[in-house]
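Before any comments, here is the structure.
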Ligand SMILES: Cc1cc2nc3c(=O)[nH]c(=O)nc-3n(C[C@H](O)[C@H](O)[C@H](O)COP(=O)(O)OP(=O)(O)OC[C@H]3O[C@@H](n4cnc5c(N)ncnc54)[C@H](O)[C@@H]3O)c2cc1C
Ligand SMILES: Cc1cc2nc3c(=O)[nH]c(=O)nc-3n(C[C@H](O)[C@H](O)[C@H](O)COP(=O)(O)OP(=O)(O)OC[C@H]3O[C@@H](n4cnc5c(N)ncnc54)[C@H](O)[C@@H]3O)c2cc1C
Ligand SMILES: Cc1cc2nc3c(=O)[nH]c(=O)nc-3n(C[C@H](O)[C@H](O)[C@H](O)COP(=O)(O)O)c2cc1C
Ligand SMILES: Cc1cc2nc3c(=O)[nH]c(=O)nc-3n(C[C@H](O)[C@H](O)[C@H](O)COP(=O)(O)O)c2cc1C
Ligand code: FES
Ligand code: FES
């Protein structure tokens, strides 16, 4: 991990609420892996003061891509940055997803910006010859951004949205069971929705399929020193406090406490 | 006075330390006069928080011009604004210079940014058929910005600079006396230097020539409510506290206390 | 279809205001009448007045810090005579209530000034500025002491029937105690709060950026401290609170109302945006419509603490 | 031609530091060793430790305000056992002094912890965190009371020969009195100061932005308040002061030195710029060269007050 001043190669709006950003990452020394994130300085003033964490959306040879939802002051400032400008990214941070060579097929359940986080994993799975089945959930069809990217990684994609009235938990449960009944899924991955994570955690337990989840929490330092970003893990019968930025953001789906 | 959102028609560097800005002033309802100023918001964040006061450098039919020295955060932010962007100017504020129809020749003694303040006066004098003799003082020749503008107003211009070793008070005193000996000067005007103002105040008293001075002080409100910008005036034997933003920035040179 | 306009009126210790937005003393004055219509405000609050004329402090009297400004004006004042003869008559043309902020050097002087003003019909309420950092005493102010606050308010209460607003200082260990002292002594409302005693030094000249060395911090930087103090005072006192410190927008005003304020005072924002108070009143109205809120009371102190497991710090 | 490098060393109550820049407790930790070389710092200060393991407060534990951040972590801690067995041994590989910040629920617990740490050779000094806003008592802290501060420091003094740094809270009416209480009780240095108790409310959800309702404000917004407190403490106390609160750059550090600090602690800046402390040390060195200053002492408390006519406020 390191704070890098990287050149913005592109930063453009891709839907009503989402933007896509590409930076020149040739200076990044560390190996960047799916599930990890960068803590990004949005502008160069003290307003916003804190960095904002963003998952890596796509990892390429000399570039990194991020997909972000415009939410508040920080992400708004990000949209103001233009191609050619410099942006300060601190990372890569956190524990990545882990795939096993033996995995044949994995299932991704992503909602909203969680799609960005899981897209990088689908890319890696594809490179490892692992097949991906993905359920993407979003408010509108317009927000289902990474569909094409996922298709290009050979993923089988199911889409549900509020707009179409298909994104309720009950419907997702049925789709999940249908997939699990018809595919031999080795590993589950989820990101972006508490309700869907609870659902997947339950089904994973029922069916004995291990899973991983990428969590979000408000962060101070992003490097494990401030204890801002804690959550609870249930392990060997006891609750443990862990840090999302350092011990995560990827945790075992079985262990995470989704209270 | 009013806070106007005006369009920036031009904002460019004119020397190592100075910038020149032109705004579309067709929306400005009030009559703008030399010596008055606008309190300008530098950017649209709370950093800098307070507005910055700038004299009007040139008053044209539909535009206003400002000449500013890049000093600290506020003026630095100003330089970042680009043509076509909107800038918020509060004004016109303060009491202007006053010329009398009977005046035949006036003398301006300006130093640094004070040149900007007095340039608008030379313009008005020219329009009223009054001749201007100006002594301009600056650190470098590069900083003697309005010379051409003054020439175009028919002014007789004397220039002194540190660079050339001609700007010491003694030399300016000699130039002043030479001018006053050879011209019939009706009124003295000064801005931009405490030392030179003290000099001119003395000579004005000696020779019984009335004068006016434009003062600077750190401001809060710019509209006479906060009492940040006070200075002292000596009138009928007693000291009075006055507000630079409202009672000034132009004061009688005889009355101002230059302690 | 008639849209029900929300009701913005508030009651400050018996004083009915048409809306909860008024200027903070010292950051408002006659000069502003060219920029905003005073009749649209909840109230007008001229600069704190002292008994005798005062010259105020050396310049520079203001400087900037990140997201804030420090001021040390020193309550420059033309004295109460001038106030009675010039300032108050000027405001007679406006229909909104006028609140007189008074500042004094001793309890007795406060009482004397309150008595003088009691006789003036167009003063709707008194604001006791017991909170200006008093540099004579290393920044100490009357409002830093519970007992003095009690005594001062009690004695003023004895000579006036006008509502008494007590303006607290934020520079205290326990603002709840001071608030209760003022309440028990008979104050009708509390202004929370004045400026935070501060200092800035120019690292080129090594001089303080304020002529008087220290001064009071205001502006966006202080808002979270003031919101906390409003919340704390609202926890213990039944008096209406006027939030003051860093209110720049309608959103800031609403945050203070949620914390427990019934109204807000606006200072620094007037310098940044001369129409800030008017914009704020519009903004509050829009917010109430959007959230289907009928009265200001539907917001006051309504911060939601349920589901908030209070864990020891 | 050899350029005379300025001497950045400082003496903090007998503790010699190679430069005046160290981390603020709670905003620094082992994870940062990948970003900066700890051996370049004046000292290392791990997060405040408590006697027993503590879970800390509900999330969100941090939020932003204009130019600042509020935190209410709740001193999540693995307890002193873990500290002795894991944390301190980790730091053994560094040559710079380690300052142990301790936090406790009672005077006795402070004493007990100080005794335990007294026995550890690689702890160079103790920092008493008597200032964390203690929400059990509505934000009150040990450091808000002169007598408790005196008693606490006195008792700790009785059990340790290590330099005692007392970290004051800024949330007090009179920081000079608390500083003197600590000095008289035997403290060797004062950290001025901890965070300012604050609150922020989300006007969409009406919930506090901090899980624990209130928290401590840090960052650029608070600097002018802290500079003032450093100046005030320096006026009355002979102890070295470590300035803390809003130091983001070398310029901020120098401003605090001018006000009277001998060193600074850096918290929030580490989150914004992980290399902030190293940049700051370089910046101070450059400033000293540019101004031909030989030693840090040439800056400490050197704010220029002459020509500053002190007029009553
Ligand atoms: C590990 C991780 C990976 C993430 N990856 C992505 C991504 O790839 N794309 C994307 O659009 N978003 C992602 N997020 C969420 C993103 O960090 C927030 O949306 C962003 O910080 C909002 O900043 P803001 O200033 O626009 O919004 P505001 O709401 O104004 O932010 C205010 C404060 O709250 C914090 N905050 C707000 N929402 C969140 C959140 N969901 N998680 C953590 N902190 C939050 C901000 O960091 C900031 O400190 C990720 C979050 C985490 C923790
Ligand atoms: C009536 C008046 C007219 C002026 N006209 C011009 C002009 O035409 N061109 C020009 O270049 N400058 C002019 N100035 C000075 C100009 O206002 C300052 O240079 C400017 O405010 C500096 O801002 P900054 O943020 O760049 O500098 P900083 O030094 O960072 O400013 C910090 C603070 O100090 C105040 N300040 C600093 N210097 C001055 C000063 N000399 N006078 C008043 N406040 C100051 C700023 O307003 C700000 O609040 C005028 C000042 C006044 C009072
Ligand atoms: C320039 C200036 C002058 C002030 N003068 C007074 C005053 O005379 N009396 C008073 O009670 N408060 C005075 N204050 C404090 C304000 O009334 C208000 O409490 C403070 O500025 C915080 O509010 P703000 O952040 O909205 O500015 C003054 C503030 C400023 C900025
Ligand atoms: C996330 C966080 C955690 C903190 N934890 C502690 C702590 O455990 N003990 C302590 O004495 N101060 C703690 N502080 C306060 C800092 O040490 C410091 O006093 C404060 O942040 C002001 O400095 P800054 O503006 O440089 O951040 C913490 C601050 C932050 C931001
Ligand atoms: S954000 Fe600081 S520990 Fe995770
Ligand atoms: S700047 Fe406020 S009175 Fe002049």
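Quick notes on this one:
- Distances between equivalent label points of residue D:106 across the copies, with each point positioned 7 Å along Cα→Cβ, amount to 4.9 nm, shortest listed first.
- Translational diffusion coefficient (Stokes-Einstein; Kirkwood radius from C-alpha pairs) of segment A:215-259 at 20 °C, 1.002 mPa s, in µm²/s: 203
- Compactness of segment C:165-272 - radius of gyration and Dmax, Cα, Å: 14.9, 50
- Considering all C-alpha pairs of segment A:105-212, those separated by over 25 Å amount to 10%.
- Average silhouette area of segment B:1-150, convex hull of alpha-carbon atoms, in square nanometres: 8.6
- Rounded FRET efficiency, nearest 0.05, which uses the C-beta distance separating residue C:81 from residue B:255 and R0 of 25 Å: 0.50
- FRET efficiency, residue B:178 to residue B:139 (Cβ-Cβ, R0 22 Å, nearest 0.05): 0.40
- Cβ-based exposure ranking for B:85, A:29, D:183, in which fewest neighbours within 10 Å come first: A:29, B:85, D:183
- Position residue A:69, label points 7 Å along Cα→Cβ, spacing to each other copy in nm (shortest first, one decimal): 5.1
- Relative contact order (%) - segment C:17-62, alpha-carbon pairs under 8 angstrom, separation at least six: 45
- Share antiparallel - DSSP beta bridges, segment B:105-212, percent rounded to 5: 0
- Relative contact order, percent, chain D [alpha-carbon distance under 8 Å, six or more residues apart]: 20
- Antiparallel DSSP beta bridges within chain B, as percent of all bridges there, nearest 5: 60
- With distances taken between every two different alpha-carbon atoms, chain B has a Kirkwood hydrodynamic radius of 18.6 Å.
- Taking every Cα-Cα distance in chain C and sorting them into 20 Å bins from zero, the calculated P(r) comes out as 34, 59, 7, 0 percent.
- Compactness relative to 2.2 N^0.38 Å, alpha carbon Rg of segment A:1-75: 1.08
- Percent of Cα-Cα distances greater than 17 Å, calculated over segment C:93-132: 30
- Beta-bridge orientation, segment C:10-298: approximately 40 percent antiparallel, per DSSP, counting only bridges with both partners inside.
- For segment A:215-259: relative contact order, % (alpha-carbon pairs under 8 angstrom, 6 or more apart): 37
- Cα convex hull of segment B:46-120 - mean projected area over all directions, nm²: 6.7
- Result for chain A in a Gaussian network model with C-alpha springs under 10 Å: among A:105, A:63, A:182, the largest mean-square fluctuation is at A:182.
- For residue B:15, label point 7 Å along C-beta direction: distances to other copies, nm: 5.6
- Approximating the spin labels as points 7 Å out from Cα along Cα→Cβ, the residue B:170-to-residue A:198 distance works out to 8.8 nm.
- Fewest-first ranking of C:188, D:145, using other Cβ atoms within 10 Å as the exposure measure: D:145, C:188
- Once the mean of 1/r is taken over each pair of separate Cα atoms and inverted, the protein assembly as shown shows a Kirkwood hydrodynamic radius of 32.2 Å.
- Going from the residue with the fewest nearby Cβ atoms within 10 Å to the one with the most, D:222, C:35 rank C:35, D:222.
- Per the Debye calculation on segment D:242-308 with a single equal scatterer at every Cα and no solvent contribution, log₁₀ I(q)/I(0) for q = 0.19, 0.22, 0.25 Å⁻¹ amounts to -0.70, -0.89, -1.08.
- Modelled FRET efficiency - R0 30 Å, residue C:147 with residue C:11, Cβ distances, 0.05 increments: 0.50
- Label point 7 Å beyond Cα of residue A:105 along Cβ direction - residues of segment A:142-165 with amide nitrogen under 20 Å: A:150-160
- Tail fraction, Cα-Cα pairs, segment D:1-148, threshold 19 Å, whole percent: 59
All of the numbers you see were taken from the coordinates with simple rules; none came from a lab. Remember, predicted model here, so these are calculated numbers, not experimental data. Ideal geometry is used to build each Cβ from the backbone, glycine not excepted, and the neighbour counts take in all protein chains shown.
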